[in-house]
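*Asks:* Next up is a structure, given as structure tokens.
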Amino acid sequence: MAKGLGRYLFIGAGSNILNFAFYFIFFSVGMSLFLASTIGYLIGLFFSYHFGRTWVFDERFDIRMKNVISFALVYAIGGVGMSLIIEVMNKKVGLDFQISWIFGAVFAVVNNFLGLKFFVFNGIKNGK
């Protein structure tokens, strides 16, 4: 599990760098906070899916609709949760949009790792 977690954190860092860069750019040019965070999250999602299945969890399987739907569900929960946390931390608590992003990202990282490990990629090597 430590090897998988280390790889996940490495890929997660790259995904989050992409996520934050696009979030920052889109918000800086006037896009709403929620939409900017959602688009940034989706960009990080595509990066994370490919490297999550091929390198983090060593799963070089054929892409099946069940796995794509499971992945999308886990990341939808993470993305919506992250965007809502950012919105609440910024609008209700009054934190800077960059600090708010960190709170949202922590939720998404934990949600996504656990969801991938136990829901999406669990049992694929056994043909499930």
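*Asks:* Which length gain, in nm to one decimal place, applies between N122 and K66 when the Cα-Cα distance is subtracted from 0.36 nm times their residue separation? If you can, show how the numbers build up before the last one.
*Replies:* Numbers: separation 56, 0.36 × 56 = 20.16 nm, distance 1.23 nm.
Taking 0.36 nm per residue and subtracting the Cα distance, the gain is 18.9 nm.
*Asks:* With angles folded into 0 to 90 degrees, how steeply does helix 65-91 sit against the dominant principal axis of the chain? Use alpha carbons for both and round to 10.
*Replies:* 20
*Asks:* Direction-averaged shadow area of the convex hull around the Cα atoms of the chain, nm²?
*Replies:* Working: hull surface 29.7 nm².
Mean projected area for the chain: 7.4 nm², to one decimal.
*Asks:* On to the next question. Calculate, for S28 and T54, the FRET efficiency according to 1/(1 + (r/R0)^6) with r their C-beta to C-beta distance and R0 30 Å; round to the nearest 0.05.
*Replies:* Values: r = 33 Å, r/R0 = 1.09.
Efficiency at R0 = 30 Å is approximately 0.35.
*Asks:* Any idea how many Lys pairs in the chain come in under 16 angstrom at the alpha carbon, given 8 or more places apart or on separate chains?
*Replies:* Numbers: K3/K117; K66/K117; K66/K125; K66/K128; K117/K125; K117/K128.
Eligible lysine pairs with Cα atoms under 16 Å apart amount to 6.
*Asks:* For helix 97-115, report the angle its Cα long axis makes with the longest principal axis of the Cα atoms of the chain; keep it between 0 and 90° and round to the nearest 10°.
*Replies:* That works out to roughly 20 degrees.
*Asks:* Give the accessible surface of the chain per residue, rounded to a whole number of Å², with probe radius 1.4 Å and ligands, DNA and RNA excluded. Walk me through the numbers on the way to the answer.
*Replies:* Details: 7150 Å² over 128 residues.
That works out to 56 Å² per residue.
*Asks:* Grab the beta carbon distance between L95 and L5, set R0 = 30 Å, and tell me the FRET efficiency rounded to 0.05.
*Replies:* Values: r = 28 Å, r/R0 = 0.93.
For R0 = 30 Å, the calculated efficiency reads 0.60.
*Asks:* Continuing with this model, one more query. For segment 1-47, report the % of Cα-Cα distances exceeding 12 Å.
*Replies:* Details: 635 of 1081 pairs.
When all Cα pairs of segment 1-47 are counted, 59 percent exceed 12 Å.
The values are calculated or read from the model by the stated rules, or taken from the named source; none is laboratory data. Note that this is a predicted model, so its numbers are computed, not measured. Cβ: placed from backbone, ideal geometry, glycine included. Neighbour counts: every protein chain shown. Calculation scope for accessible area: heavy atoms of the full protein, side chains included, ligands and nucleic acids excluded. Shrake-Rupley method; radii C 1.70, N 1.55, O 1.52, S 1.80 Å.
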